[in-house]
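Step one of this worksheet: look at the structure below.
Please treat every number below as a calculation from the coordinates, not as lab data. Treat the numbers as computed from the prediction; the structure is a model and nothing was measured. In this analysis, Cβ positions are derived from the backbone assuming ideal geometry, glycine residues included, and neighbour counts consider all displayed protein chains.
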Amino acid sequence: MEHSNGHIYDCFPLNILDVIEAAAMDSKRALTAKGLSLNINMPEKVLMIHGDRKKLFQALSYLLDNSIKFSPSGSTIILSVTETDDRLYVSIEDKGVGIIEEHLSRIFESFNQGDCSITRKYPGVGLGLNICRRIIQHHEGDIRVESKANEGSTFHIGLPKKKLFANHMPF
């Protein structure tokens, strides 16, 4: 068990593909309700990572929920997994409303939302992306976004792959 800013992380070797599949299944009802499709592109297996399953599920679910919230009905969200020798990459791409350029540099800050007007269309308090960033950073990873207003957004997560797991007893 690890502690980070008052949060407890239970980090163990895990298959990120299982976490991604669980997050995708969890979003199925919202996808269907909005008439969206989820296209998942991932290999059959990848090297294990060291992480907290619940926290990573929380981050991935939030990113999927955001894509669903900001995507127009009938569109497709694409979730992809790729890997290099030492990193595993997860990307979530939508064709939603996107983020205007001047807001991109602050998108992961607490209480920050692209539309702060009183008449904004999408609810929320602006903590979700900050929480996602903290979870990913705790896993020695990084998160970034590419986005254009009215064209959509792609969130990219990079996580280190661990070949040896210190403090983990073999089964």
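Normalised by 2.2 N^0.38 Å, where N counts its residues, the alpha-carbon radius of gyration of the stretch 2-160 equals 1.02.
Within the shell defined by Cβ-Cβ distances under 10 Å, the residues around residue 46 carry a net charge of 0, with Lys and Arg each +1 and Asp and Glu each -1. Paramagnetic label reach from residue 84 (point 7 Å along Cα→Cβ; backbone nitrogen cut-off under 17 Å): within the stretch 32-56, residues 47. Sorting 26-38, 137-149, 49-61 by average packing, meaning the other beta carbons within 10 Å per residue, from highest down gives 49-61, 137-149, 26-38. A simple count of charges around residue 105, restricted to other residues whose Cβ falls under 14 Å of its Cβ and scoring Lys, Arg +1 and Asp, Glu -1, yields -1.
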